[in-house]
Amino acid sequence: PFVIPEYLQEQLEEFEANYNIANSNNYQMNNNPDPISENLYDYFSQILEEHGPLEINNKLLVGEYENFPEETRKVVED
């Protein structure tokens, strides 16, 4: 089995602590997902499924964004 060398244990523990904090802040299991986020995921998913990978400034991605409500644009920016 793979074993982390003893001299790296302290760095590993520090990394895991930071990783766990970052993940707990950014991803929360929730039975009541945010409807704005869910709609955004669906919207972008449909575009990407139909057109494949796109540049970040592609008109398909940016065009509708300009018409999003302010609250929705904030979610995208965050």
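The values are calculated or read from the model by the stated rules, or taken from the named source; none is laboratory data. Since this is a predicted model, take the numbers as computed values, not measurements. To get the accessible areas, we keep the full protein, side chains included, count just its heavy atoms, and leave off ligands, DNA and RNA. Shrake-Rupley method; radii C 1.70, N 1.55, O 1.52, S 1.80 Å.
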query: For the range 35-77, which whole percent of the accessible surface, found with a 1.4 angstrom probe, sits on carbon and sulfur atoms?
result: 51
message: Please list 3J(HN,Hα) in residue order for the range 46-55, calculated via the Karplus relation 6.51 cos²θ - 1.76 cosθ + 1.60 where θ = phi - 60°; whole Hz, with x for glycine and proline.
response: 4, 4, 5, 5, 6, 10, x, x, 10, 5
Rounded to whole Hz, the Karplus (6.51, -1.76, 1.60) HN-Hα couplings of the range 14-20, x for glycine and proline: 5, 4, 4, 5, 5, 5, 5
query: Counting only heavy atoms of protein chains, what accessible area per residue, in Å², does the range 35-77 have with a probe of 1.4 Å?
result: 81
